[in-house]
1. Does L31 meet the test of being more than 23 Å from A131 (Cβ to Cβ), touching a Leu at 6+ places or on another chain (Cβ under 9 Å), crowded, with 24+ Cβ neighbours inside 10 Å and not aromatic (F, W, Y)?
2. Scanning segment 115-137 for residues that are over 8 Å from the mean Cα position of the chain (by Cα) and free of Cβ contacts under 8 Å to residues at least 40 places away in the same chain, which turns out nearest to Q191 (Cα to Cα)?
3. Quick check, is A64 crowded, with 21+ Cβ neighbours inside 10 Å and touching an Asp or Glu at 6+ places or on another chain (Cβ under 8 Å)?
4. Does segment 73-81 contain any residue that is in contact (Cβ under 8 Å) with a residue 24 or more places away in the chain, assigned by TED's automatic domain parsing to the domain that holds V137 and within 30 Å of T211 (Cβ to Cβ)?
5. Can you find even one residue in segment 57-80 that is over 16 Å from A102 (Cα atoms), of a type in the set (G, A, S) and in a loop (DSSP other than H, G, I, E, B)?
6. Going by what's in this entry, would A232 be described as free of Cβ contacts under 8 Å to residues at least 40 places away in the same chain, assigned to a helix (DSSP H, G or I) and farther than 18 Å from A254 by Cβ?
7. Just give me the residues in segment 48-60 being buried (at least 16 other Cβ atoms within 10 Å of the Cβ) and out of contact with any Pro (no Cβ under 6 Å at 6 or more places or on another chain), in sequence order.
8. Against the definition (part of a helix (DSSP H, G or I) and over 17 Å from the mean Cα position of the chain (by Cα)), how does M157 come out, yes or no?
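The values are calculated or read from the model by the stated rules, or taken from the named source; none is laboratory data. These numbers were taken from a predicted model, which means no experiment stands behind them. Cβ coordinates were reconstructed from backbone atoms using ideal geometry, including for glycine residues, and neighbour counts include every protein chain displayed.
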Amino acid sequence: MSTDGGPPVRYERRGPVAWLTINRPDARNALNQPVRDGLFRGVRAFNADDGARVLVLTGAGDQAFCAGADLKEMAQTGLAVPPPDFAPQFGRNIEVAKPVIAAVNGAAYAGGFLLAQSCDLCLAAEHARFAITEARVGRGAPWAAPLPWLIPPRVAMQILLTGDPITAARAHEIGLVNEVVPAAGLADVAQRMAERIAANAPLSVLAAKQTVRLIAEHPLTEAYAAAERIWAPVYLSEDAQEGPAAFRDKRPPAWKGR
């Protein structure tokens, strides 16, 4: 449990946007077992929540998004190789078809970096810091395999080899972060971005998320072919007719998701 008596991870809805908050600010939102279990439960709740179109992942307080694994717990349990489901890795050990935004409100180190990396979009407070610190504590980061797809390989190498934190501004410069905003406005910016996404045609949003990842897994010719398969049902949907009709009639579209 968190020290404020609340659950270790909170799931709540704000209109079409679900918020998943790691609630261990006293321990810099470190990933102990209750937090890891709570994150899995929260993501499954989002997947099953038809009214939730976008998920925002953040941490409680203003010091840390997530400082990584709980090293005290790790030392007590003598953890060697973490199991594949040790912590959520979106798209790897738990599928999330709908978009996920990281709202990084402080330090995102080690497992916290993993969580931010796994999200589709990343917003950061100005004071946020990002680091893969595993080399400093003799641990590993196999989950960093996709990092050179997100940022330049030599930058990824520096982050992994040194363990040095980078600022939010640097993370934005290298493409790890979409936007850097004042800490006081982070939640509002994340909510507004999520609402803009949620207002779009749902089938188009789901297909767009799949399309962006294709080039990481396929040669270009295969990626084009896969994209055609992904988008064909979108073109054939009722929503594909609703969008032009709404534009013609000068009214907001009424998406049905079919």
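1. For L31, the condition - more than 23 Å from A131 (Cβ to Cβ), touching a Leu at 6+ places or on another chain (Cβ under 9 Å), crowded, with 24+ Cβ neighbours inside 10 Å and not aromatic (F, W, Y) - is not met.
2. The selected residue is R129.
3. Here the answer is no, as A64 does not meet what is asked.
4. Within segment 73-81 (the criterion being in contact (Cβ under 8 Å) with a residue 24 or more places away in the chain, assigned by TED's automatic domain parsing to the domain that holds V137 and within 30 Å of T211 (Cβ to Cβ)), the answer is no, since none of the residues qualifies.
5. yes
6. yes
7. The first filter runs over segment 48-60 and keeps only residues buried (at least 16 other Cβ atoms within 10 Å of the Cβ), leaving 52-60.
If the condition is that a residue be buried (at least 16 other Cβ atoms within 10 Å of the Cβ) and out of contact with any Pro (no Cβ under 6 Å at 6 or more places or on another chain), then A52, L55, V56, L57, T58, G59 are the ones that fit.
8. yes
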